Amino acid sequence: MKKTRFAIATLMTVVLGSAAIADAGAAPTSISAGVYTQEQAAAGKDLFDRSCSTCHNADYYKTVFQTWRGQPLMYLFEQVMSAMPADNPGSFSDAEYEDIMAYVLQLTGFPSGAARLQYGGGGMREIAIEPAS
Ligand code: HEC
């Protein structure tokens, strides 16, 4: 009996402990929290200049962020992956789309951070879109 209680107490400690750890390392919660790296945006600029800038400018993306505010960045990212560039949809790799999105965030005034913007793993679901200032 005592042994069982001890085991449960230990288990609780482990569960609560890992919850605390998960919290401490929590993913950024919005696009203003620094969700891409400088290197990514630099790589994305080339692709963007070649494949996106003919049809949209920075102001266009500000309108898009305004429209999509509060929604997970993942939804917009998937929309872009499947529909853009409009003249050749889906023509980039996941990593290239990540770089392009990083550059779009930089272009619209959102800060960079320490971690790469990444589609794999689903972290973008926790990143909310905010209007650009
Ligand atoms: C040939 C022209 C063209 C090119 C090139 C192009 N787009 Fe678009 N894009 C469009 C059109 C047209 C729409 C739809 C506009 C609308 O419905 O408001 C659109 C919409 C979008 C939207 C808004 C999506 C939404 O549902 O709100 C985003 C974001 C976007 N494009 C990003 C990109 C990116 C990033 C690239 C480069 C990889 C790109 N576009 C290249 C024409 C283009």
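The values are calculated or read from the model by the stated rules, or taken from the named source; none is laboratory data. Source: prediction; values computed, not measured. Every residue, glycine among them, receives a Cβ derived from its backbone with ideal geometry; neighbour counts consider all protein chains shown.
The number of residues in segment 20-37 being modelled with pLDDT of 90 or more and buried (at least 17 other Cβ atoms within 10 Å of the Cβ) comes to 5. Do you know which of the residues in segment 76-100 that are exposed (fewer than 15 other Cβ atoms within 10 Å of the Cβ) and of a type in the set (Ser, Thr, Tyr) is farthest from the ligand (Cβ to nearest atom)? In this case the residue turns out to be 93. The one condition from (1) surrounded by fewer than 14 Cβ atoms within 10 Å (Cβ to Cβ); (2) in a loop (DSSP other than H, G, I, E, B) that residue 115 does not meet is (1).
Within segment 62-75, the set of residues being within 11 Å of residue 132 (Cβ to Cβ) and either surrounded by 20 or more Cβ atoms within 10 Å (Cβ to Cβ) or β-branched (Val, Ile, Thr) (or both) comprises 63, 64, 65.
Close Cβ contacts (under 6 Å, 6 or more residues apart or on different chains) running from residues in segment 47-63 that are on the phi < 0 side of the Ramachandran plot to residues that are hydrophobic (A, V, I, L, M, F, W, C) comprise 47/100; 48/100; 58/107; 61/104; 62/132. If you go through segment 42-72 and keep only what is at pLDDT below 95 and in contact with a Ser or Thr (Cβ under 7 Å, 6 or more places away or on another chain), you end up with just 58. When residues in segment 111-126 are screened for being charged (D, E, K, R) and farther than 13 Å from residue 29 by Cα, 1 of them pass.
Scan segment 77-98 for residues that are assigned to a helix (DSSP H, G or I) and closer than 18 Å to residue 54 by Cβ and jot them down.
Answer for segment 77-98, where residues must be assigned to a helix (DSSP H, G or I) and closer than 18 Å to residue 54 by Cβ: 80, 83, 96, 97.
Kindly indicate whether residue 103 is in contact with a Lys or Arg (Cβ under 8 Å, 6 or more places away or on another chain), touching a residue at least 60 places away in the same chain (Cβ under 8 Å) and either within 12 Å of the ligand (Cβ to nearest atom) or in a loop (DSSP other than H, G, I, E, B) (or both). So residue 103 passes the test.
Considering segment 41-73, the residues that are in a helix (DSSP H, G or I) and more than 19 Å from residue 109 (Cα to Cα) include one that is farthest from the ligand (Cβ to nearest atom), namely 50. Can you name every residue in segment 118-133 that is surrounded by 15 or more Cβ atoms within 10 Å (Cβ to Cβ) and assigned to a helix (DSSP H, G or I)? Residues satisfying the conditions are 123, 124, 126.
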